[in-house]
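The values are calculated or read from the model by the stated rules, or taken from the named source; none is laboratory data. For clarity, every value in this text was computed on a predicted model and none was experimentally measured. Don't worry about glycine lacking a Cβ; one is built from the backbone with ideal geometry, like all the others, and counts go over all protein chains shown.
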Amino acid sequence: MKKIIIILFLSSISLFSAQKVVLQLIWLNQFQFAGYYVAKERGFYKDVGIDVEIKEFNLNTDISTVIQNKKADFAIGRSSLLIDKINGQDVVALGAIFQQSPLMLLVRDDSNINSIDDLKHKRIMLTNDAKDAASIMAMLFSNGVTQKDIQILPHTFNLDDLINKNTDAMASYISNEPIQMADKGLSYKIFNPKDYGFHFYSDILFTSSEFIKKNPKLTKDFYEATIKGWKYAFDNITQTSELIYKHYNTQQKTLIQLVKEGEALKRLAYHDNGIVGYLDKNQLADIVKVYKLLGLVTKDIDIDTFIYEHNHPREVAFTLNYDDIFHIVLISILVLVSLSFSILFIVLQKKWLITKSYLNEEIVQQKEEIDKQNRVIIVQSKIAAIGEMLSNIAHQWRQPLNVISLSIAKIETSILLNDEMKKEDFLQLGDEINKQVQYLSQTIDDFRNYFNSGIDTIAPFSLQDAVRKVNELIKESFKNNHIEIVMTDKDCIITHNESLLIQALLNIYNNAKDAIKENAVIYKYFFVDVQCNKNAVVITLKDSGGGIDEDIIEKIFEPYYTTKHQSNGTGLGLYITYGIISEHLRGTIEVHNTHYNYLNYELSGAEFIITIPRNL
C-alpha cells in the first residue's frame, strides 16, 4: 500500500512539474537579451509552468537550423528569417523585440568619412553572411556604392581593429561598440540603414509551426511571459543591469556599460503605448523586396504564415515634420475667420437701425460675403493640409526611390563584373523600375489634382476611385501610426466636386488618426463602407479610437470646437466637413459612438455617416 501511495505521489509531482524548454540566443550574454533573463529570474516563466534553459551563442551555433534540428524550442533571429522561410524552412516569428535593427556602420571621427559616398575604396569589416549584412549593403548600393567599390574584410568582432585603423568601417551594434568608443574617449560617426529608408527588424523570437501546433498553450504562455519580462527590463534598466552583471556577465562588461546598452536598446523597442514585439506586414514585405533586389531570394512569401497568430498589436509614434508650417497656417485661419465674424456681427448690429429695404439688401450682400469667406476657409484648409501631404509624399517616395537605386546598382554591378545577366532578369528589373516610376508619377498626379481642383468644378467621377485617392493621400500617415484601413465598397459614378468630397473625407480620416493616437488604443482600425443606392450614396466611416464624449458629441461640427488639446486642434476640420457636405454637396452628415466586434476584438469609436445625392 505504501508503494502505491509513493508512486501516486511521484506521479502527481511529475504531472504538475514545469515544462522544460530551450531558448537559443543569437549572441553572447548582454542587455540585448535582458527580457529573457528577467522572465526567468523573476519567475514569469515559472508562473505559467515553464522552466527555461537559456543557451548562450557559441561558434558552433547555427541559428538558421537550430529549431529545425530540434536543438532548441525557441530561438532569436534577424530579419533574414524571411529568407529561411522563403527557402522552405518551417519558421514562425512570434515577435520582433527591436523594431529597428541596432546594426549599422561605425567609423572613426578622424577618418574623413562624412557620407556614404566617402566609403568608396575603403575597407569595411562585415560578417561573411550576406543575409546578415543585407541592410548595410542595401544602404551602400542605394547610394551608389557597389561591391566593387569597397574592400570587404572578415569581421573579427574586435573593436581595436577599428581603433587601430586596421579597417575603415565596421559593422557594429548601436548598443555596443559606440558605448565602448565613448568609454575610451574616442569620437565616432554612425551610418544607420534606417536613416536611408531600410527598416529591418532585429532579435525576432521564433519557433516552428510544428512546435506551435503541438504546444499551442505553451507557446502563447512563453511569448506573453517574455513580453512581460521585456517590459519589466525596460522599466527597470538599473535593476536589470545589476541582474545581468551578477549572473549573466560572460563578457565582463561594466555595470555602467550595461545600463547604457539598456537605454540605447529601449529606444529601438518601445512606443507610446508600451507595446513590444509587433510585426508589421508592410514592413516585412519591404524587407523581402530588398532581399530580392540584392539577389538573396527570387520567390515571394505569404507573410501571414510567417507571423504568429497571437503577435501583439502594432503601435508606433509619429511626429509631423512640418509642424511650424502647419501651426502658422492654422493661426492665420483663426485670425481670418475671427475677424470675419467680428466684422459681420458689427455690421449686422448697425444695420438694424436703418430701413427694412436697405437691411434686406445688406443681408444679401453679407450672405455673399459669408459665401466668399467659406470659400476662403476651404482653400485655407487645403493649404493647412500641405504640411502633412508633403510629409506623406516624402515617406511614399523613399521606398520606391530605394528600389530604383538598388535595381540600377544591381545592373551596374553585373556589367562591371562582366556577369552575364539573363534577358528575363534584366527585363524584370526594368519592369520593377518602370512600376516604381509610375507609382511616383501617380503620387504627384493625386497631389496636383487635389490642390488644383476648383470649388465650382462639377463633373462625373468614380466614388470608389475618390475614396482610394483619399487612402493614398493618407496612407503613409496611417502606416506610421500603424492604423489599418478596412474597406468594403461598391463603385458608382456620381456627379459632384471630387476635390471637395476628398477634402471632407480627409478631415474625418485625420480626426480618426488623432483620436486613435491620442487615446493610445491597442487595436488600430479605420473602417470605410461605401454603398450606392438609386438616388444617393452612403459613406460610413468608423474608427477604433474609443469614441467621443457624449456631452460634447453634438458640438463637434461647430466652428472652433475641438476635442483635442489646444496645441493640436483648431476646431475647423469637422466644421469645414459639415459645410462641404451640407452646402456644397447638398447632403447630410451625422455622427454617433458605436461599440462593435472585429476579429474577436471588442472595439469602440466614432461613426460618421455621410449621405449625398448621386447627382447635383
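Couple of notes before you dig in:
- When the test is whether a residue is modelled with pLDDT under 75 and either assigned to a helix (DSSP H, G or I) or out of contact with any Pro (no Cβ under 7 Å at 6 or more places or on another chain) (or both), GLY430 does not pass it.
- If the condition is being among the aliphatic types (A, V, I, L, M) and either over 32 Å from the mean Cα position of the chain (by Cα) or surrounded by fewer than 17 Cβ atoms within 10 Å (Cβ to Cβ) (or both), then the stretch 35-51 contributes only ILE50.
- Within the stretch 469-502, the set of residues being part of a helix (DSSP H, G or I) and under 20 Å from the mean Cα position of the chain (by Cα) comprises VAL470, ASN471, GLU472, LEU473, ILE474, LYS475, GLU476, SER477, PHE478, LYS479, ASN480.
- Qualifying residue in the stretch 437-452 (condition: modelled with pLDDT of 70 or more and surrounded by 12 or more Cβ atoms within 10 Å (Cβ to Cβ)): yes
- In the stretch 140-160, of all residues being outside any loop (DSSP other than H, G, I, E, B) and aliphatic (A, V, I, L, M), the one that is nearest to LEU293 (Cα to Cα) corresponds to LEU140.
- Filter result (surrounded by 22 or more Cβ atoms within 10 Å (Cβ to Cβ) and either without any contact (Cβ under 8 Å) to a residue 24 or more places away in the chain or of a type in the set (Lys, Arg) (or both)) within the stretch 465-512: LYS469
- Across the stretch 197-229, the qualifying residues are those that are of a type in the set (Phe, Trp, Tyr) and at pLDDT below 95, and the one among them that is nearest to VAL92 (Cα to Cα) is TYR201.
- Selection from the stretch 86-105 of residues that are over 22 Å from the mean Cα position of the chain (by Cα) and buried (at least 23 other Cβ atoms within 10 Å of the Cβ): VAL91, LEU105
- Selected residue [at positive phi and assigned by TED's automatic domain parsing to the domain that holds ASN282] from LYS55, LYS70: LYS70
- Residue tally, condition more than 30 Å from the chain's Cα centre (by Cα) and either aliphatic (A, V, I, L, M) or within 12 Å of LEU294 (Cβ to Cβ) (or both), over the stretch 122-139: 2
- Top-ranked residue of the stretch 532-559 - restricted to ones that are among the aliphatic types (A, V, I, L, M) and assigned to a loop (DSSP other than H, G, I, E, B), ranked as farthest from the chain's Cα centre (by Cα): ILE552
- Complete set of residues in the stretch 242-255 that are loosely packed, with under 14 Cβ neighbours inside 10 Å, touching a residue at least 40 places away in the same chain (Cβ under 8 Å) and not in a loop (DSSP other than H, G, I, E, B): HIS247
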